[in-house]
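Trainee: Here it is, the structure, as structure tokens.
The values are calculated or read from the model by the stated rules, or taken from the named source; none is laboratory data. Quick caveat: nothing in here was measured; it's all calculated off a predicted structure. Note that we place each Cβ from the backbone using ideal geometry, even for glycine, and neighbour counts take in every protein chain shown.
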Amino acid sequence: MNETGRQLASFAESLKLPFTFKMVIVYDMNDLHEDLFEIEADEVVGVYASLILRTMIIKPNRLENLLRVIRRLKPCTMTVTEVEGDQHNSSSFINSFIKSLFFYSAWFDCLNDCMDRNDPNRMSLEGKFLSRGIRSIVATEGDERMIMHVGINLWRSFGRFGFVEIQARLAAKKFACGGPVNLDMNEKSLIVGWKGTPLFSFSAWKLR
């Protein structure tokens with residue numbers, strides 16, 4: 001997290017923007033509240049949640065508290081990047097295993113084509129993101145499961161917290177690299193895939 005702060009500070013300095021990085025750490029998401037954030041009266045708030053909400057689906061009270069806090073912070077926009085994998089939760093272990101096998105095979109194939117094997121970012125992806133997901137989906141069930149993959153339709157439940165989905169088409173420019181990458185719109189959200197296998201969704205939201 002400190003390294004993230006240093007990178008953001010360096011980027012802000014290159015743009016001659018005033019910038020302060022402050023971490024807020026809670027050990028239970030139910031302990032998160034808006035008073036922990038030092039926000040100036042004229043400050044514009046944006047929220048970016050990347051591959052984190054999937055860790056709270058199995059504990060919906062924590063996810064709901066997070067969304068209530070975000071709403072009270074009144075962000076101008078909230079962007080969410082999440083795994084697109086609602087077929088990984090079949091009641092049949094065989095079906096879930098096969099769907100997960102195709103999903104993670106596509107991920108590793110994508111990494112082989114797009115990143116050098118010794119790239120530290122790749123090693124971080126494989127070690128923290130992919131391996132944790134594989135262990136959680138294939139080797140655990142019930143209360144032991146720490147990660148659950150869902151589809152973009154579940155995130156549309158943000159609507160009950162006062163969020164409205166907005167167009168994410170501009171995000172396609174970030175991922176445009178040709179080849180076997182698939183970019184498809186699902187209503188207003190972008191679905192990024194590899195050789196026909198959906199990998200993750202990119203969605204944007206604003207308050208009503």
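Trainee: Under the condition of being assigned to a loop (DSSP other than H, G, I, E, B) and of a type in the set (Phe, Trp, Tyr), which residue from region 1-24 is farthest from the chain's Cα centre (by Cα)?
Mentor: For region 1-24, the residue satisfying everything is Phe19.
Trainee: Would you be able to tell me the number of residues in region 25-38 that are closer than 19 Å to Met78 by Cα, in a loop (DSSP other than H, G, I, E, B) and in contact (Cβ under 8 Å) with a residue 24 or more places away in the chain?
Mentor: Selection size over region 25-38: 3.
Trainee: Could you look through region 85-135, keep only residues that are in contact with a Ser or Thr (Cβ under 9 Å, 6 or more places away or on another chain) and of a type in the set (Ser, Thr, Tyr), and pick out the one that is nearest to Trp155 (Cα to Cα)?
Mentor: Ser90
Trainee: May I pose another question? Pick out, from region 39-128, the helices (runs of 4 or more DSSP H) lying fully within it that include 1 or more residues that are in contact (Cβ under 8 Å) with a residue 12 or more places away in the chain and surrounded by fewer than 17 Cβ atoms within 10 Å (Cβ to Cβ). Give the derivation first.
Mentor: On the way: elements: 60-73, 93-114, 120-124.
Correct list: 60-73, 93-114.
Trainee: Going by the conditions given, is Arg135 closer than 25 Å to Lys59 by Cα, among the charged types (D, E, K, R) and modelled with pLDDT of 90 or more? Let's see the steps before the verdict.
Mentor: Values: closer than 25 Å to Lys59 by Cα: yes; among the charged types (D, E, K, R): yes; modelled with pLDDT of 90 or more: no.
Judged against the criteria, Arg135 is not a match.
Trainee: Then there's this: Considering only residues that are within 19 Å of Val192 (Cβ to Cβ) and β-branched (Val, Ile, Thr), which ones fall in region 78-130?
Mentor: Matches in region 78-130: Thr79, Val80, Thr81, Val83.
Trainee: Further, regarding this structure: So, of the residues in region 3-29 that are in contact with a Lys or Arg (Cβ under 9 Å, 6 or more places away or on another chain) and either over 21 Å from Val44 (Cβ atoms) or not hydrophobic (A, V, I, L, M, F, W, C) (or both), which turns out to be modelled with the lowest pLDDT? I'd like the intermediate steps shown before the answer.
Mentor: So in region 3-29, the residues in contact with a Lys or Arg (Cβ under 9 Å, 6 or more places away or on another chain) come out as 5, 21, 28-29.
Adding the requirement that they be either over 21 Å from Val44 (Cβ atoms) or not hydrophobic (A, V, I, L, M, F, W, C) (or both) leaves 5, 28-29.
Values: Gly5: 86, Asp28: 92, Met29: 93.
Applying the filter and picking the extreme gives Gly5.
Trainee: Answer yes if at least one residue in region 60-79 is modelled with pLDDT of 85 or more, closer than 23 Å to Asn182 by Cβ and under 18 Å from the mean Cα position of the chain (by Cα), and no otherwise. Steps first, please.
Mentor: Filtering region 60-79 for residues modelled with pLDDT of 85 or more gives 60-79.
If we keep only those that are closer than 23 Å to Asn182 by Cβ too, we end up with 79.
So of that shortlist, the ones also under 18 Å from the mean Cα position of the chain (by Cα) come out as 79.
The answer is yes; a qualifying residue exists.
Trainee: Something else now. Could you please find all residues in region 18-33 being surrounded by 12 or more Cβ atoms within 10 Å (Cβ to Cβ) and over 23 Å from Ile58 (Cα atoms)?
Mentor: Phe19, Phe21
Trainee: Identify the residue in region 163-179 that is loosely packed, with under 15 Cβ neighbours inside 10 Å and of a type outside the set (A, V, I, L, M, F, W, C) and, among all such residues, is modelled with the lowest pLDDT.
Mentor: Out of the qualifying residues, it is Gly178.
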